Amino acid sequence: MSKLPNVGTTIFSVMSALAAEHKAINLSQGFPDFDCSDELKAMVNDAMQQGYNQYAPMPGLPALRNAIAEKVMALYGQQVDPETEITITPGGTYAIYTAIAAYIHPGDEVIIFEPAYDSYIPNVLVNGGKPVRISLSFPDYRINWQEVRSKITPRTKMIMINTPHNPTGAILQEEDILELEKLVAEFDLLVLSDEVYEHLVYDGAQHLSILKYPNIFRNSFVTFSFGKVFHNTGWKMGYCIAPKHLMQEYRKVHQYLCFSVNTPMQHGLARFLATPSHYLELSSFYQEKRDYFLELMRDSRFTPLASKGSYFQLMKYDRISDEGDKAFATRITKEFGVASIPVSAFYENGKDDHVVRFCFAKKKETLEQAAARLSRI
Ligand SMILES: Cc1ncc(COP(=O)(O)O)c(C=O)c1O
């Protein structure tokens with residue numbers, strides 16, 4: 001019997017296949033259509049040439065963990081111990097899964113906000129946990145903390161947050177963090193904070209990493225992705241930061257899931273992180289893309305919702321059609337040659353607010369061609 005009877009092919013694969021079939025511009029799946037840094041590639045290449053091609057230590061290369069600890073101190077003022085509190089993983093998705101596998105027992109409840117990144121709910125289910133879904137408010141995608149409190153039971157073990165948020169581009173505010181802090185203290189909840197888009201925050205806002213809040217961090221797993229921020233999603237490199245007592249259990253699972261992660265890439269990333277501008281410049285780099293896409297779309301009949309972070313821009317299409325979002329996204333892929341993701345796919349019950357998600361992590365030419373086509377609709 002299937003452990004995940006309701007899981008089929010993900011919407012990302014479906015829309016990318018449809019885009020390929022119709023030779024559409026693919027603004028659906030979240031990955032850049034430009035290459036990562038030549039300097040970073042050269043650093044990885046050097047490591048291979050120098051013979052760093054065997055297993056890395058189980059928690060990750062010390063040089064990379066040290067570089068991450070330095071970055072965390074510089075950005076978030078939190079001292080994390082690279083020896084015991086950082087584990088390098090093959091991507092952010094794996095980092096999330098491992099925390100759930102290590103801590104969620106059958107029957108444990110996990111609070112998940114929808115729309116949600118598609119791996120969260122299956123990760124909980126496959127470990128016998130019970131996802132407790134709470135919808136973010138529409139159209140600003142904020143958390144209703146009263147509702148969260150009302151859904152907490154003696155079985156509630158974990159709450160998952162994601163900031164900046166996929167698919168909506170929302171970011172958590174200081175008042176959200178204060179509410180979270182109260183609940184964590186009152187109910188002794190674990191927190192899984194998915195921060196894969198940490199550097200992609202716009203309009204002068206600050207990324208409120210859970211690493212900045214010791215009272216929450218002491219109960220938290222905070223997960224990151226190099227692929228998402230350094231334009232190499234195909235490398236599948238990421239990491240998890242958690243306090244020592246949680247990381248001990250986390251590593252028990254990690255050492256039997258994949259044991260250790262790609263060695264030459266860890267060497268390359270360690271050297272690349274030593275130059276802070278490599279991550280500090282990311283928010284202006286992506287804000288420029290978001291602003292350019294919005295500018296190009298200004299005369300279209302789509303209505304943008306606020307995107308404060310991530311590399312996604314949601315658009316309402318109620319001035320164009322009253323179709324459901326899946327039908328609409330499919331039709332514009334086929335008829336106008338631009339693929340997007342229908343946001344209802346991020347809800348278990350298919351809640352449809354008639355919104356589609358576009359990824360703006362694309363070359364200028366790609367955004368120009370896509371916007372030209374979308375403006376004809
Ligand atoms: C919110 C969120 N978390 C995690 C990931 C996964 O990152 P990775 O490719 O490093 O596994 C993604 C990728 O789309 C994401 O959007």
| query | Does Thr163 satisfy the condition of being surrounded by fewer than 16 Cβ atoms within 10 Å (Cβ to Cβ), of a type in the set (Val, Ile, Thr), farther than 21 Å from Phe272 by Cα and in the same structural domain as Cys258 (by TED's automatic domain parsing)? | reply | no
| region 257-283, residues that are assigned to a loop (DSSP other than H, G, I, E, B), within 22 Å of Pro32 (Cα to Cα) and within 16 Å of the ligand (Cβ to nearest atom) | Asn262
| field | Condition check for Thr89: within 16 Å of the ligand (Cβ to nearest atom) and modelled with pLDDT of 95 or more | value | yes
| message | If I filter region 210-240 down to residues being more than 14 Å from the ligand (Cβ to nearest atom) and among the hydroxyl-bearing types (Ser, Thr, Tyr), which single residue comes out as surrounded by the most Cβ atoms within 10 Å (Cβ to Cβ)? | response | Ser220
| said: Step by step: first the residues of region 58-75, then only those that are under 22 Å from the mean Cα position of the chain (by Cα) and not in a helix (DSSP H, G or I), then the one that is farthest from Lys252 (Cα to Cα). Which residue is that? | reply: Gly60
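Answer yes or no: is there a residue in region 64-78 that is within 16 Å of the ligand (Cβ to nearest atom) and either more than 29 Å from Ile152 (Cβ to Cβ) or crowded, with 19+ Cβ neighbours inside 10 Å (or both). So that I can check it myself, show each step before the final result.
Within region 64-78, the first condition is being within 16 Å of the ligand (Cβ to nearest atom), and the residues that meet it are 64, 68.
Narrowing the set further to residues that are either more than 29 Å from Ile152 (Cβ to Cβ) or crowded, with 19+ Cβ neighbours inside 10 Å (or both) leaves 64, 68.
Yes, region 64-78 has at least one match.
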| note | Exactly one of His207, His278, His254, His245 is surrounded by fewer than 20 Cβ atoms within 10 Å (Cβ to Cβ), of a type outside the set (Asp, Glu) and under 21 Å from the mean Cα position of the chain (by Cα), and that one is His278
| task | Considering only region 14-35, state which residues are modelled with pLDDT of 95 or more, crowded, with 19+ Cβ neighbours inside 10 Å and under 15 Å from Trp235 (Cα atoms). | result | Pro32
| message | It is to be established whether one or more residues within region 324-334 are surrounded by fewer than 18 Cβ atoms within 10 Å (Cβ to Cβ) and acidic (Asp, Glu). | response | no
| message | Which of the numbered conditions does Ala170 fail, given that it passes all the others? Conditions: (1) without any contact (Cβ under 8 Å) to a residue 40 or more places away in the chain; (2) within 23 Å of Pro131 (Cβ to Cβ). | response | (1)
| note | The one condition Tyr97 fails out of (1) within 16 Å of the ligand (Cβ to nearest atom); (2) in a loop (DSSP other than H, G, I, E, B); (3) of a type outside the set (Val, Ile, Thr) is (2)
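So if I check each of Ile104, Ile121, which one is out of contact with any Leu (no Cβ under 7 Å at 6 or more places or on another chain) and within 16 Å of the ligand (Cβ to nearest atom)?
Ile121
If you check Met48, Met58, which single one turns out to be open to solvent by 50 Å² or more (accessible area, probe 1.4 Å), farther than 30 Å from Leu374 by Cβ and away from the ligand (no atom under 16 Å from the Cβ)?
Numbers: Met58 fails: open to solvent by 50 Å² or more (accessible area, probe 1.4 Å).
Step by step, each of Met48, Met58 is checked, and only Met48 is open to solvent by 50 Å² or more (accessible area, probe 1.4 Å), farther than 30 Å from Leu374 by Cβ and away from the ligand (no atom under 16 Å from the Cβ).
Scan region 101-120 and tell me whether some residue there is acidic (Asp, Glu), open to solvent by 30 Å² or more (accessible area, probe 1.4 Å) and free of Cβ contacts under 8 Å to residues at least 40 places away in the same chain. Walk me through it before giving the result.
Our first condition is that a residue be acidic (Asp, Glu); within region 101-120, this holds for 108-109, 114, 118.
Filter again for open to solvent by 30 Å² or more (accessible area, probe 1.4 Å), leaving 118.
Going one step further and asking which of them are free of Cβ contacts under 8 Å to residues at least 40 places away in the same chain, we end up with none.
The answer is no; no qualifying residue exists.
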| said: If I filter region 127-141 down to residues being of a type outside the set (Ser, Thr, Tyr) and surrounded by fewer than 16 Cβ atoms within 10 Å (Cβ to Cβ), which single residue comes out as farthest from the chain's Cα centre (by Cα)? | reply: Gly128
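Just to be sure, is Tyr292 open to solvent by 30 Å² or more (accessible area, probe 1.4 Å), in contact (Cβ under 8 Å) with a residue 24 or more places away in the chain and away from the ligand (no atom under 16 Å from the Cβ)? Don't jump to the end; show me each part of the working.
On the way: open to solvent by 30 Å² or more (accessible area, probe 1.4 Å): yes; in contact (Cβ under 8 Å) with a residue 24 or more places away in the chain: yes; away from the ligand (no atom under 16 Å from the Cβ): yes.
Spelling it out, Tyr292 is indeed open to solvent by 30 Å² or more (accessible area, probe 1.4 Å), in contact (Cβ under 8 Å) with a residue 24 or more places away in the chain and away from the ligand (no atom under 16 Å from the Cβ).
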| task | Sort out which residues of region 142-160 are farther than 19 Å from Gly107 by Cβ and open to solvent by less than 10 Å² (accessible area, probe 1.4 Å), and write them in order of number. | result | Val148
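Could you tell me which residue of region 297-320 is most open to solvent (accessible area, probe 1.4 Å), considering only residues that are touching a residue at least 24 places away in the same chain (Cβ under 8 Å) and farther than 27 Å from Glu198 by Cβ? Steps first, answer last, please.
Taking region 297-320 first, the residues touching a residue at least 24 places away in the same chain (Cβ under 8 Å) are 297, 299-302, 305-318, 320.
The next check asks that each one be farther than 27 Å from Glu198 by Cβ; those that pass are 299-302, 316-318, 320.
Values: Asp299: 136, Ser300: 7, Arg301: 105, Phe302: 5, Lys316: 51, Tyr317: 0, Asp318: 90, Ile320: 34 Å².
My answer is Asp299.
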| request: Name the single residue, out of those in region 124-140 being of a type in the set (D, E, K, R) and closer than 25 Å to Pro154 by Cβ, that is farthest from the ligand (Cβ to nearest atom). | output: Lys130
| Hits in region 325-356 (condition: in a helix (DSSP H, G or I) and under 20 Å from the mean Cα position of the chain (by Cα)) | Val343, Ser344, Ala345, Phe346
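The values are calculated or read from the model by the stated rules, or taken from the named source; none is laboratory data. Here the structure is a predicted model, which is why all the values come from computation and not from measurement. Ideal geometry is used to build each Cβ from the backbone, glycine not excepted, and the neighbour counts take in all protein chains shown. Ligands, DNA and RNA are stripped out before the accessible areas are found, and what is left, the full protein with its side chains, is counted by its heavy atoms. Shrake-Rupley method; radii C 1.70, N 1.55, O 1.52, S 1.80 Å.
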